[in-house]
Each structure stands twice: as C-alpha cells, then as structure tokens.
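Structure, as structure tokens:
The values are calculated or read from the model by the stated rules, or taken from the named source; none is laboratory data. What you see is a predicted model; the values in this text were computed from it and never measured. Every residue, glycine as well, gets a Cβ built from its backbone with ideal geometry; the counts of neighbours run over all protein chains shown. Accessible surface is based on the protein model in full, side chains and every heavy atom, while ligands, DNA and RNA are left aside. Shrake-Rupley method; radii C 1.70, N 1.55, O 1.52, S 1.80 Å.
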Amino acid sequence: MRVIALASLKGGCGKSTLAMNVADGLTRDGRVGVIDADPQGALRHWGGRARDPAMPTVQPGGDDPLPVIADAMARYRWVIVDCPPSLDMTITQRVLRAADVALIPVLPSPLDLWAGAATVEAVNAARRTNPGLKAGFVINQAEPASALSRALTKALSVLDVPTLTHVVRRRAAYRIAAVEASSVYRIGARGRDAACEIDALITEVREL
C-alpha cells in the first residue's frame, strides 16, 4: 500500500485537511509526497506557506495526474493525493485507477451521505481496472455523542464500502494547523489529541 487518495464529490468535507495531516503522520514511516489534484489548489497554497522544511512536499496534479503519481512513487515511500470535489469525475477516476486506498471523508449531514454514495459508485467503476483498490469512509468533524453522528454511521453501513472505526472529531487544532500552514503534529500541545486521532486512523487504514 503506497498511494492513498482522498476522494469525495462534495466540497467542504475536510478532504484537504485530512490529506495534509495524514501525510505528515506518515512521515514517521518514510518520505511522503502530496499531490494536489484539486484545481482549487488548497493544498498547494498550504504547502507553499509552510515554514517547517520537514513538512511533506506538495505538487500539482495537472490535467492528468497519472504521470505525476508514477513519478512520486519513484521518489517517495507514501503518496497522498487530494482529489477535486466535483461532479466531473475525470480526474478522480484517473487517480483511483492508480491508488491503493481511497478514503472518503463524510460529515454528519444528509448531503455528505448522498455524496458518499455517489463516490462509492466512482470507486466501484475504478475497480474494473484496479481490482485491488480498497476504500473506507472516514467520519469527519464528528461529535461522537451526537445522534446525527450515530445516524450517519448506521446509514453508511448499507453502502458497499466499510466505515472506519476511528473518527476524526471537530477540533480547533485542525483549524489552527491550517492557519499556521502546519499539521497537528507540529503545533505542540495544542495538537496532541488530534495527532493521536490521526495516528489511530493511519493504523486502521494500513490494515484495510
């Protein structure tokens, strides 16, 4: 497992934030490259502002991310790809054909549930040429005690992709890390709980 894609048809689900923090968490296990395949370029802006040279390098995916992914695989132990949130799935489909794992972030909302179901269709389509592609929903910005978060977990269980056990909670640390162009691993005590959360998520992803 080397290429992890963050994919969702819906914007605002925290895809880019997860991509950067998962990428930095994986640096403990080798060099990590990040590919921003989203034309909006949020991760490129984030990476371009980073002051810590140890932060993962971010590069654009271009119109066809496949050569960029292939080049990154030759240089990095792990490759994280942030896919565009768009009904035009051309770029996302190309990424999924090269990915080992697709993570689908979903917020506790009906709109995210519908978008998640559509993204599963894209994953299943990619599996026709990439049968080894694994996938999992990541419940993001969750409030574990809320009825809505519990209802989302139950609703996702009927779809053809598992929901990861470890959720990502709504924490100020993720916003602070983004503002500082850093990650939750590099903002000291403010990010400690969030970093533990991402570590647990990474461990589960590697066991898919």
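Tabulated data
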{"read-out": "Matching residues in the range 87-109 - criterion: being in contact with a strand residue (DSSP E or B) (Cβ under 9 Å, 6 or more places away or on another chain) and assigned to a loop (DSSP other than H, G, I, E, B)", "value": "ALA99, ASP100, LEU107, PRO108"}
{"read-out": "For ILE69: the one exception among (1) under 19 Å from ARG127 (Cα atoms); (2) β-branched (Val, Ile, Thr); (3) open to solvent by 30 Å² or more (accessible area, probe 1.4 Å)", "value": "(3)"}
{"read-out": "Some residue of the range 135-144 being in a loop (DSSP other than H, G, I, E, B) and either of a type in the set (Phe, Trp, Tyr) or crowded, with 17+ Cβ neighbours inside 10 Å (or both)", "value": "yes"}
{"read-out": "MET1 vs. criteria at pLDDT 95 or above, closer than 25 Å to ALA117 by Cα and either buried (at least 24 other Cβ atoms within 10 Å of the Cβ) or within 15 Å of the chain's Cα centre (by Cα) (or both)", "value": "no"}
{"read-out": "First in the range 113-142 and over 21 Å from ARG94 (Cβ atoms), second anywhere and surrounded by fewer than 18 Cβ atoms within 10 Å (Cβ to Cβ) and among the charged types (D, E, K, R), Cβ under 9 Å, 6 or more apart", "value": "ASN140/ARG169; ASN140/ARG170; GLN141/ARG169; GLN141/ARG170; GLN141/ARG171; ALA142/ARG169; ALA142/ARG170"}
{"read-out": "Test for LEU66: is it touching a strand residue (DSSP E or B) at 6+ places or on another chain (Cβ under 8 Å), among the hydrophobic types (A, V, I, L, M, F, W, C) and outside any loop (DSSP other than H, G, I, E, B)", "value": "no"}
{"read-out": "Only listed residue being farther than 24 Å from GLY11 by Cβ and in contact with a His (Cβ under 8 Å, 6 or more places away or on another chain), chosen from ALA200, ALA195, ALA189", "value": "ALA200"}
{"read-out": "Set LEU133, LEU208, LEU159: member being out of contact with any Cys (no Cβ under 9 Å at 6 or more places or on another chain) and closer than 19 Å to CYS13 by Cβ", "value": "LEU159"}
{"read-out": "Options ALA194, ALA181: the member that is crowded, with 17+ Cβ neighbours inside 10 Å and assigned to a loop (DSSP other than H, G, I, E, B)", "value": "ALA181"}
{"read-out": "Residue satisfying condition, being open to solvent by 60 Å² or more (accessible area, probe 1.4 Å) and over 27 Å from ALA155 (Cα atoms), within set ALA74, ALA54, ALA23, ALA98", "value": "ALA74"}
{"read-out": "Selection count where residues are open to solvent by less than 10 Å² (accessible area, probe 1.4 Å), over 13 Å from ILE139 (Cα atoms) and outside any helix (DSSP H, G or I), scope the range 8-20", "value": "0"}
{"read-out": "Residue that is hydrophobic (A, V, I, L, M, F, W, C) and either open to solvent by less than 20 Å² (accessible area, probe 1.4 Å) or under 16 Å from the mean Cα position of the chain (by Cα) (or both), where the choices are LEU113, LEU164", "value": "LEU164"}
